[in-house]
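Have a look at the structure below before the remarks.
The values are calculated or read from the model by the stated rules, or taken from the named source; none is laboratory data. None of the values given here were measured: they were computed from a predicted structure. Positions of Cβ are backbone-derived with ideal geometry, glycine not excepted, and every protein chain shown enters the neighbour counts.
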Amino acid sequence: MDKVASIEFVLDRGFLYLNRKGVKKMRIKISDKLKKEPINNARKIADILIGVLKAEERDDRTKEHFWAIYLDARNNISRIELVHLGTLNANLAHPREIFRPAIISSSASLIVLHNHPSGDIEPSEDDISATKRLEEAGKILGIELLDHIIINLKKQFFSFKAKGLLKED
């Protein structure tokens with residue numbers, strides 16, 4: 001079984017993370033500036049998670065990571081969760097795994113993000129269909145999917161929202 005890194009973010013309210021048994025923990029300090037600023041662009045969130053990915057052990061960087069960033073009503077980060085650690089080219093994150101922490105923490109919205117170890121940031125057909133599924137699940141639950149972002153270690157990213165691939169209400 002692969003080790004999964006849970007991420008503890010230091011916020012004014014203390015540490016917020018889903019504690020799982022037997023996982024490696026990574027602690028990341030979010031700057032005071034970021035704590036006070038709503039997350040309103042893909043570049044900002046991509047930079048945070050590219051930093052997390054670079055802090056991973058070398059072997060884990062070659063696997064697909066799928067994160068969910070949970071936001072409050074003012075688009076401030078309340079929680080960041082590594083939902084799934086996949087293989088070289090596959091990730092099997094299920095909507096229930098992604099939305100469960102959102103429901104528990106009363107999140108207003110979320111952004112999902114994953115990396116492509118190949119370096120190609122263009123979404124695959126699986127990425128597109130998974131995004132549509134998440135978008136529909138979010139509508140049913142009343143938790144809006146704000147964006148799906150794909151990153152690589154070269155600091156490049158692809159935003160579904162910026163490319164018009166998420167439906168506007």
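Only one of the numbered conditions (1) touching a His at 6+ places or on another chain (Cβ under 6 Å); (2) of a type outside the set (D, E, K, R); (3) at pLDDT below 80 is violated by L88, and that is (1). Here S129 meets the list (1) modelled with pLDDT of 95 or more; (2) hydroxyl-bearing (S, T, Y); (3) over 17 Å from I39 (Cβ atoms) almost entirely, failing just condition (1). Considering region 5-78, the qualifying strands (runs of 3 or more DSSP E), each wholly inside and each with 3 or more residues that are crowded, with 17+ Cβ neighbours inside 10 Å, touching an Asp or Glu at 6+ places or on another chain (Cβ under 9 Å) and modelled with pLDDT of 60 or more, run over 65-71.
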